Structure formats: C-alpha cells, structure tokens
1. Counting pairs of alpha carbon atoms under 8 Å apart in space and at least six apart in sequence, what relative contact order in percent does the stretch 6-254 give?
2. Taking the number of other C-beta atoms within 10 Å as the exposure measure, put 189, 219 in order starting with the fewest.
3. Does the stretch 132-188 come out rounded, prolate or oblate, given a ≥ b ≥ c as the square roots of the eigenvalues of its C-alpha gyration tensor, rounded meaning a/c under 1.5 and, failing that, prolate meaning a/b above b/c?
4. Ranked by Cβ crowding within 10 angstrom, fewest neighbours first, how are 94, 32 ordered?
5. Using the alpha-carbon centroid of each, what span in Å lies between the stretch 189-227 and the stretch 84-98?
6. What order do you get for 134, 198, 57, 160 when you list them from fewest to most C-beta neighbours inside 10 Å?
7. Can you show me the helix-derived [θ] at 222 nm for the chain, built from DSSP H runs with n ≥ 4 at -39,500 (n - 2.57) apiece and divided by the number of residues, rounded to the nearest 500.
8. Considering the Cα trace of the chain, what is its radius of gyration and what is Dmax, both in angstroms?
Ligand SMILES: C[S@@+](CC[C@H](N)C(=O)[O-])C[C@H]1O[C@@H](n2cnc3c(N)ncnc32)[C@H](O)[C@@H]1O
C-alpha cells in the first residue's frame, strides 16, 4: 500500500505533493476553518483503519450498525436506485445497505462494493448469500483511494459513515474520484456526521472523544455538501438530522453533463 505523505510547514498543508493551502485560497475554506468550526484531523493510517475494522467486524452491528440504520435508510431513499442500474457502495461495512441496493437494482442491474476490511466483506458476503442476492453484487476488498474502478461507469454511488473517516485533504480526493466514476447525470449520496447545524453539546463531547480516543471513535464531523460542491458535483438535496444529538448530514448530488 502506498504511503501517505502529509505534513505541515508554516502555513502550508502538503498532502501527496498537493498544496492544500493553495486550494483553500481558491475558495475551499472548509479545510482550514479554525475554532469551533475546525474539522479534526485523522492521524491513523489506512492500514490501521483496516486492522481496526477487521478487529471489530464481528461486533460492529452490536456496537454501531443499528444505531446508524435510520440515517442509512433515509440516504438510500434519497438515492432512489432503480431496477437495471449499476451502483457502487464505498465502505459497505456489514452489508445492510448492500442488501437494499441489491434488491433495488433487480436481476438486470448490479451492485459493486468496496471495503478496506476483509472481516467486514466476509460478513457482508454472508448476509447477501443468506438472502440469495449474491449474484447481484460484486464485492472487493481494498482502499477506495487506491482502487482501479472504471470511470463513467456508475449510475449511482452511496456511502454512509465513511467519508468522515478520511483525513481532511483526502476528502476532496474521494469526492473527485466519485465524480470521475459516475456517468453524466449520475447520483452521489453521502450520509455523514457533520459540522453543519447548531453546535450541540453532544457533538462537542463526541469530538473530544475522537481527539482522545481516535481508534475507538474514528469518524468525526465534517462539511459534506461544501466538499461535494468543491469536487464539482451539483447538490440537489441537503439536510441535517440528528442521531442521539449528533448532527448527521445527508446530501444528494449529481454529476453535471457536458
Ligand atoms: C463506520 S463503517 C460504516 C459501514 C457502513 N457504511 C454503514 O453505514 O454501516 C466504515 C466502513 O468503511 C470502511 N473503510 C474505511 N476506510 C476505507 C477505505 N479507505 N476504503 C474503503 N473502505 C473503507 C471500513 O472498513 C468500514 O467497513
């Protein structure tokens, strides 16, 4: 796995040779917000993320899976996948959304999934198998940012509680890659903890938890719609809901045609 090189020199954030400060002066301000608007950084590597999700894969549904279900379902209904479509889910976890997507595409469509954890992929694969939906899905294990998926191929892309696991400068890389993978007019739906909305005590507590125990609380609130727009997608719906006092943003966006 290629290493990520990221370091801060003076006022410059460099990430894989990209001067993030230059991007921010070009209008991308959410990356360098300060004070209570500042996004926490992600210090662990992708290999550590893989090891962590492998370790918790058997317990994931008990720990978090059902807690997030309402938001996942709302996101899926925004994406409104139709029969015959080709869909990608990034970071499918234990496979709850994959099941819904596989049902929605029917026999004539296909769901592709990529997840960095083989433990998660094993559980998701079994779940699809139990419902005889394996033929409609193709799962792969790997890092989305390193993946070699075909451009202009997908009608829709879904990710829930995944974008906020990527470090701040990587968020734009993830979304730009999504734009490249989508067909013209294709849809992206992202469900994520958010910095938008009012600054609740629960969010402040959660962010403190992320800072002190980044392995245990590895998601952190980010700016979803702003990042999606900066990646060149057009937002069609944005809303903020709350899970136990934690604001969650749902965004539907499309890849504009030429
Ligand atoms: C918090 S879980 C969310 C799982 C699922 N989307 C859900 O809503 O229940 C994050 C998932 O993203 C996967 N993941 C983390 N980093 C990834 C990466 N770089 N590429 C692909 N998957 C990744 C993890 O293995 C894990 O399954």
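We did not get these values from a lab; they are worked out from the coordinates using the rules stated. None of the values given here were measured: they were computed from a predicted structure. Don't worry about glycine lacking a Cβ; one is built from the backbone with ideal geometry, like all the others, and counts go over all protein chains shown.
1. 19 percent
2. Least to most surrounded, the residues fall as 219, 189.
3. oblate
4. 32, 94
5. 23 Å
6. 198, 134, 57, 160
7. -9500 deg cm²/dmol
8. Both quantities, over Cα of the chain: 17.5, 55 Å.
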